[in-house]
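The next block holds one structure in the form of structure tokens; read it before the comments.
The values are calculated or read from the model by the stated rules, or taken from the named source; none is laboratory data. In this text, all values refer to a predicted model and were calculated from it rather than measured experimentally. Every residue, glycine among them, receives a Cβ derived from its backbone with ideal geometry; neighbour counts consider all protein chains shown. Keep in mind that these areas ignore ligands, DNA and RNA; they rest on the heavy atoms of the full protein, side chains included. Shrake-Rupley method; radii C 1.70, N 1.55, O 1.52, S 1.80 Å.
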Amino acid sequence: LLTWREVLSLHGSRRGIRVTVAHASLLLDFGLSRYVNRRDGQRIHYEGEGKRGDQTPTGGNAGLLECMENKRALRVFERIRPGQWYDRGDHKVTAAIYRDAPTEQRMVFEFTLEPRISTPLQRHAPQS
């Protein structure tokens, strides 16, 4: 488990999605915030950025769309409870839909995230 301070040093922002030239990561939880994220086996369905009104393809949402288009790795940190986080490792964005969220009366992005699978050689490569 990681503390918030450790996650902040790795993620580099208090915002949920951070995509830069050198780094891509996101913060998520299941039921601890107003965002509606859910699991489906190993897949994570992640609600895009923006809590009010229709979400737009800007900011973090644009970053996740760019990760999907360019097949960039995205590091995922999950908040288990306040102050306790789990590093879920690298994921890939495999799908993005723009859908109606009727209970919220707005349109939201839903991104599908799947773990990146490393080969045994990558996993056990010696450190130099």
**Asked** Which one of the conditions (1) farther than 18 Å from VAL7 by Cβ; (2) over 12 Å from the mean Cα position of the chain (by Cα) does GLN84 fail to meet, given that it meets all the rest?
**Response** (1)
**Prompt:** Can you find a residue in region 51-67 that is over 15 Å from the mean Cα position of the chain (by Cα), open to solvent by 70 Å² or more (accessible area, probe 1.4 Å) and under 17 Å from GLN84 (Cα atoms)?
**Reply:** no
**Message:** Restricting to region 59-81, give me the number of residues that are under 13 Å from TRP4 (Cβ atoms) and touching a residue at least 60 places away in the same chain (Cβ under 8 Å).
**Reply:** 2
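Residues are listed down the side, and each one gets a yes or a no for (1) open to solvent by 30 Å² or more (accessible area, probe 1.4 Å); (2) of a type in the set (Ser, Thr, Tyr); (3) modelled with pLDDT under 95:
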{"residue": "SER9", "(1), (2), (3)": "yes, yes, no"}
{"residue": "VAL36", "(1), (2), (3)": "yes, no, yes"}
{"residue": "TYR86", "(1), (2), (3)": "yes, yes, no"}
{"residue": "THR94", "(1), (2), (3)": "yes, yes, no"}
{"residue": "MET107", "(1), (2), (3)": "yes, no, no"}
{"residue": "LEU113", "(1), (2), (3)": "no, no, no"}
